[in-house]
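> Following this message is one structure expressed as structure tokens.
The values are calculated or read from the model by the stated rules, or taken from the named source; none is laboratory data. The model shown is predicted, which means the values in this text are computed figures rather than measured ones. Note that each Cβ is placed from the backbone with ideal geometry, even for glycine, and that neighbours are counted across all protein chains shown. These accessible areas exclude ligands, DNA and RNA; they are computed on the full protein's heavy atoms, side chains included. Shrake-Rupley method; radii C 1.70, N 1.55, O 1.52, S 1.80 Å.
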Amino acid sequence: MSQAADVILLGAPGAGKGTQAKLLSQELGILHISTGDILRAAVAAGTPLGRSAQAYMDRGDLVPDEVIVGLVGDRLQEADCADGVLFDGFPRTLPQAEALTRVLAEQGRAEPKVLAIEVGEEELVRRLSGRRTCRTCAGIFSLEALSGATACPKCGGELYQRADDAAESVAQRLRVYAAQTAPLLDYYAARGALRRVEGQGAVDEIARVALAALGAQGAD
Ligand code: AP5
């Protein structure tokens, strides 16, 4: 199914944005852009962006707005963004949201649809402490789903625990979310763009409800 529209996934750390983004971008036929994945790749490659971002990320703080806005603005100029983008982890401050609104308007794109994935704090902490990520394909897994496997079930790559999933970083990320990202719910609600979905339950069922909330054809 192809649907040329931009979608923003909002949600606290561990809400399942990355997990859902992989499914929804495929179903909607639009490009998945995760600012977290871009930054982690830059850290792994030791680029100037990665070297400047790493300390912020490891302690659970946000990378400065001007860095992120420049990065996403440049990425949106590329041809593969023309048919729509699913933003995962961006925007996460009001200045980022305002910048994105401006850039999309300059490009003549429609208002994005915004999907907020809602999960309680106790469950967020539980999920983040048990997450494993693949170094090769960036696949996301829970320890339960891996049931003892030590390599990526999709590509056989090495699984690792993100540095920012340590308990102190998780606590800081949740504080940062409440202070800097949660206000975006009001920003997008005021623009009539916000849909909310319950993020606890089976992954496929959440994706089905999310597609219906986005008004995607064939969601049911
Ligand atoms: P980022 O990578 O965006 O991290 P995040 O927002 O903290 O979100 P997470 O990736 O931790 O969680 P998620 O919601 O994607 O959940 P997931 O699907 O993995 O950002 C990392 C850092 O980069 C930031 O802290 C910041 O420093 C920097 N950064 C990134 N973007 C930035 C920006 N725009 N501005 C400034 N700085 C920025 O799922 C979590 C776990 O739960 C997994 O184990 C998964 O298998 C499991 N799970 C998923 N769904 C379910 C379910 N339904 N039931 C049970 N388990 C589930």
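> Considering only residues that are in contact with a strand residue (DSSP E or B) (Cβ under 9 Å, 6 or more places away or on another chain) and of a type in the set (S, T, Y), which ones fall in segment 20-63?
Residues satisfying the conditions are S25, S34, T35.
> Could you check segment 9-34 and list, in sequence order, the residues that are of a type in the set (S, T, N, Q), closer than 20 Å to L194 by Cβ and near the ligand (Cβ under 9 Å from one of its atoms)?
The one that is of a type in the set (S, T, N, Q), closer than 20 Å to L194 by Cβ and near the ligand (Cβ under 9 Å from one of its atoms): Q20.
> Now for a different question. Of all residues being assigned to a loop (DSSP other than H, G, I, E, B) and within 12 Å of the ligand (Cβ to nearest atom) in segment 145-165, which is farthest from M57 (Cα to Cα)? Just the residue, please.
Step by step, filter segment 145-165, then rank; the result is P153.
> Give all pairs with beta carbons closer than 6 Å in which a residue from segment 130-148 that is in contact (Cβ under 8 Å) with a residue 12 or more places away in the chain and basic (K, R) meets a residue that is more than 8 Å from the ligand (Cβ to nearest atom) and open to solvent by 50 Å² or more (accessible area, probe 1.4 Å); count only pairs at least 6 apart in sequence or on separate chains.
R135/E158
> Checking A116 against (1) more than 10 Å from the ligand (Cβ to nearest atom); (2) touching a residue at least 60 places away in the same chain (Cβ under 8 Å); (3) open to solvent by 30 Å² or more (accessible area, probe 1.4 Å): exactly one of these is not met. Which one?
Checking A116 against (1) more than 10 Å from the ligand (Cβ to nearest atom); (2) touching a residue at least 60 places away in the same chain (Cβ under 8 Å); (3) open to solvent by 30 Å² or more (accessible area, probe 1.4 Å), the one that fails is (3).
> Out of P95, P91, report the one residue that is within 11 Å of the ligand (Cβ to nearest atom) and over 18 Å from A116 (Cβ atoms).
Being within 11 Å of the ligand (Cβ to nearest atom) and over 18 Å from A116 (Cβ atoms) holds for just one of P95, P91, which is P95.
> Can you name the residue in segment 192-210 that is open to solvent by less than 50 Å² (accessible area, probe 1.4 Å) and within 15 Å of the ligand (Cβ to nearest atom) and, of all such residues, is nearest to E27 (Cα to Cα)?
A207
> Exactly one condition in (1) within 18 Å of the chain's Cα centre (by Cα); (2) part of a helix (DSSP H, G or I) is false for E205; which is it?
(1)
> What is the one condition in (1) among the hydroxyl-bearing types (S, T, Y); (2) more than 9 Å from the ligand (Cβ to nearest atom); (3) in a helix (DSSP H, G or I) that S169 does not satisfy?
(2)
> Something else: Looking at segment 120-144, which of the residues that are within 7 Å of the ligand (Cβ to nearest atom), outside any strand (DSSP E or B) and not aliphatic (A, V, I, L, M) is least open to solvent (accessible area, probe 1.4 Å)?
Out of the qualifying residues, it is G130.
> Which residues, taken from segment 190-202, are more than 19 Å from the chain's Cα centre (by Cα) and on the phi < 0 side of the Ramachandran plot?
A190, R191
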